[in-house]
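Colleague: The structure that follows is given in the form of structure tokens.
Just so you know, all these numbers are worked out from the coordinates, no wet-lab data involved. Everything numeric here is computed off the predicted structure, so don't read it as measured data.
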Ligand code: F6R
């Protein structure tokens with residue numbers, strides 16, 4: 001794993017953007033794997049500023065998001081589809097029809113997982129952007145998720161519900177289930193960038209980089225990826 005330790009969140013976002021810009025400049029119709037949460041917002045701001053200034057274009061880029069809450073869709077500002085439009089898609093020249101995310105309101109969850117897995121099988125991700133949960137999850141693959149998993153519905157752990165409740169009016173409003181790409185979908189990406197910032201991620205970052213490769217720490221599977229770069233700030237790197 002390549003490891004880049006930088007001073008702070010801003011520097012982390014700028015480092016990640018360098019890799020993003022190289023990928024979409026080199027391949028105009030690149031396939032991106034994208035994440036939500038606090039971690040990638042700075043990267044998305046860099047992409048927006050650059051695109052608005054006439055830099056990289058996303059006109060022919062396709063995007064696949066990692067996960068979505070079960071029960072939420074664009075009509076909820078807590079949904080991940082809403083997040084992606086508000087924080088990225090509505091501000092760059094990507095075509096909305098080229099963006100993909102699990103449908104949180106799908107009537108048949110199994111069919112929705114099958115639909116998403118078929119799409120992922122037909123589209124190899126050139127660059128996958130990831131954050132990491134304080135319990136070592138990637139996407140919503142919680143500790144104990146099989147490494148061979150594909151897109152599935154998960155019961156979120158109490159830890160994740162608590163972490164994510166900061167974005168909701170109350171903890172009771174946080175959905176208890178989510179669709180998520182599986183670990184084998186993520187590992188199929190050609191290149192992966194995982195970002196982490198803040199002291200509350202230090203333990204998870206240690207598990208990601210130095211810990212045993214075990215399903216108890218889902219992110220540890222990335223030690224087996226041929227082209228994975230961790231970009232983190234000093235606080236998140238403090239246990240390395
Ligand atoms: C988001 C996702 C999650 C987050 C992780 C970190 O699509 O899949 O795995 O990357 O929970 O969240 P933040 O960035 O909010 O600390």
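Colleague: Give the Rg/Rh ratio for region 21-112, taking Rg as the radius of gyration of the Cα atoms and Rh as the Kirkwood radius, to two decimals.
Modeller: 0.99
Colleague: Another one. Under 10 Å, Cα contacts only: if you run a Gaussian network model on the chain, which one of 122, 219, 202 comes out with the highest mean-square fluctuation?
Modeller: Most flexible of the set in this elastic network: 122.
Colleague: To the nearest 500 deg cm²/dmol, what mean residue ellipticity at 222 nm is calculated for the chain from DSSP H runs of n ≥ 4 alone, each contributing -39,500 (n - 2.57), summed and divided by the residues? Numbers along the way, then the final one.
Modeller: On the way: 7 runs with 72 residues, N = 240.
Computed mean residue ellipticity for the chain: -9000 deg cm²/dmol.
Colleague: If you don't mind, another one. Taking the chain as a Gaussian network, Cα atoms linked when under 10 Å apart, which of 119, 183, 130 shows the biggest mean-square fluctuation?
Modeller: Of 119, 183, 130, the Gaussian network model singles out 119 as fluctuating most.
Colleague: Given a cut-off of 23 Å, what percent of all Cα-Cα pairs of the chain lie beyond it? Walk me through the numbers before you get to the answer.
Modeller: Working: 12935 of 28680 pairs.
For the chain, the share of Cα pairs beyond 23 Å comes to 45 percent.
Colleague: How long are the semi-axes of the equivalent ellipsoid of region 80-166, taking √(5λ) for every eigenvalue λ of the Cα gyration tensor, in whole Å from largest down?
Modeller: 22, 18, 14
Colleague: While we're on this one: For region 187-240, I need the span (max minus min coordinate) of the C-alpha atoms along each principal axis, in Å, sorted largest to smallest.
Modeller: 29, 21, 13
Colleague: Same structure again: Relative contact order of region 54-105, please, whole-number percent, based on alpha carbon pairs below 8 angstrom and at least 6 residues apart. Write down the numbers at each step before the final one.
Modeller: Details: 67 pairs, mean separation 26.6, N = 52.
Computed value for region 54-105: 51 percent relative contact order.
Colleague: Turning to a different aspect of this structure: Counting only DSSP beta bridges with both residues in the chain, what percent are antiparallel, rounded to the nearest 5?
Modeller: Working: 8 of 30 bridges.
Roughly 25 percent of the DSSP beta bridges within the chain come out antiparallel.
Colleague: Separation of region 187-240 and region 54-88 by C-alpha centroid, Å?
Modeller: Cα centroid to Cα centroid, the span is 24 Å.
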